[in-house]
Amino acid sequence: MSIQNNLQAVKEQINNRALLVAVSKTKPNEDLMEAYNAGQRVFGENKVQELTAKHETLPKDIEWHMIGHLQSNKVKYIAPFVSLIHGVDSEKLLKTINKEGKKNDRKIPCLLQVHIAEEETKFGFSESELLTMLNDELLSTLEFVEIKGVMGMATYTDNTDQIRKEFASLKQTFDKLKKSVFASNDNFTEISMGMSGDYLLAIEEGSTMVRVGSSIFGARNYH
């Protein structure tokens with residue numbers, strides 16, 4: 001199957017129910033251009049260096065999403081152009097993004113990463129941490145950050161009941177934050193969950209954005 005055919009198949013399954021982020025990490029520019037020429041405009045990368053290099057050389061109408069763990073000292077490299085940062089997992093990172101947004105005179109869209117998996121390796125806030133952290137005082141200082149929603153990664157398992165439960169818990173956290181913290185914020189709308197193995201399940205549980213890589217581009221090239 002070609003990348004174009006794979007992309008078409010994934011889009012047909014999603015059927016406009018969620019935004020498709022094509023995860024292009026480790027993939028060469030030719031692969032991205034094949035997807036681009038088939039109409040894809042939103043791409044996700046997990047390494048800052050690779051993200052900036054691709055942004056410099058590929059078409060300027062691409063929306064770049066930073067989907068990996070982001071270190072505070074690397075924010076400055078993507079602040080001028082990034083369309084969405086998926087994995088904001090600390091107050092420090094939030095404040096750094098705000099600072100870099102101010103330098104670039106732009107509001108940087110972000111998602112708050114929530115820890116929903118049973119694995120210890122995944123980053124993210126607990127629901128209670130978010131409810132404590134997101135007070136009026138903090139939010140009033142974040143003039144150059146636009147918090148658009150939440151993001152989470154389910155446990156890497158074949159147990160679909162467990163995955164569904166974890167996705168449902170992210171949707172609940174989103175609903176709680178929408179009601180209590182972001183009630184007057186019309187831009188708090190996104191739930192980024194679901195990857196190649198479970199994106200249809202995620203959409204059933206309320207995902208608005210899925211991050212799909214290997215189903216489009218094939219297996220990753222790790223050197």
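Computed FRET efficiency, Cβ-Cβ of residue 180 and residue 1, R0 41 Å: what is it to the nearest 0.05? For residue 180 and residue 1, the calculated efficiency is 0.35.
If a/c stays under 1.5 just call it rounded; otherwise compare a/b with b/c (prolate if a/b is bigger, oblate if not). Do that for segment 58-138, with a ≥ b ≥ c from the square roots of the Cα gyration tensor eigenvalues. Present the calculation step by step, with values, prior to reporting the outcome.
Working: a/c = 2.28, a/b = 1.41, b/c = 1.61.
Oblate is the answer for segment 58-138, as a/c is 1.5 or above yet b/c matches or exceeds a/b.
In the chain, Cα pairs under 8 Å separated by at least six residues give a relative contact order of 22 percent. The charge dipole of the chain, taken about the Cα centre with unit charges on the Cβ atoms of Lys, Arg (+1) and Asp, Glu (-1), comes to about 540 debye, rounded to the nearest 20. For the chain, the square roots of the Cα gyration tensor eigenvalues, ordered a ≥ b ≥ c, give a/c of at least 1.5 with a/b no greater than b/c, which places it in the oblate category. Counting beta carbons within 10 Å around each of 26, 160 and listing the fewest first gives the order 160, 26. The spacing between segment 130-169 and segment 74-102, judged by their C-alpha centroids, is 16 Å. Using 1/(1 + (r/R0)^6) with R0 = 45 angstrom and r between the beta carbons of residue 53 and residue 165, what's the FRET efficiency to the nearest 0.05? Given R0 = 45 Å and the Cβ-Cβ separation, E is 0.70. Working note: Cα gyration tensor of segment 147-223, eigenvalues times five, square-rooted, sorted largest first, giving semi-axes of 26, 15, 9 Å.
Helices assigned as whole DSSP H runs in the chain whose Cα atoms extend at least 20 Å along their own long axis and whose mean Kyte-Doolittle hydropathy is 1.0 or higher are not found.
A simple packing score, the average count of other Cβ atoms within 10 Å per residue, orders the peptides 190-201, 10-21 as 190-201, 10-21, with the highest score first. Ellipticity at 222 nm from helices only: DSSP H runs of n ≥ 4 in the chain, each -39500 (n - 2.57), divided by the residue count, give -11500 deg cm²/dmol.
Spin-label model, residue 128/residue 41: points 7 Å from Cα along the beta carbon direction are separated by 4.3 nm.
Values in this text are rule-based calculations from the coordinates and carry no lab data. In this text, all values refer to a predicted model and were calculated from it rather than measured experimentally. Counting neighbours? That spans all protein chains shown, and the Cβs are built from the backbone with ideal geometry, glycine included.
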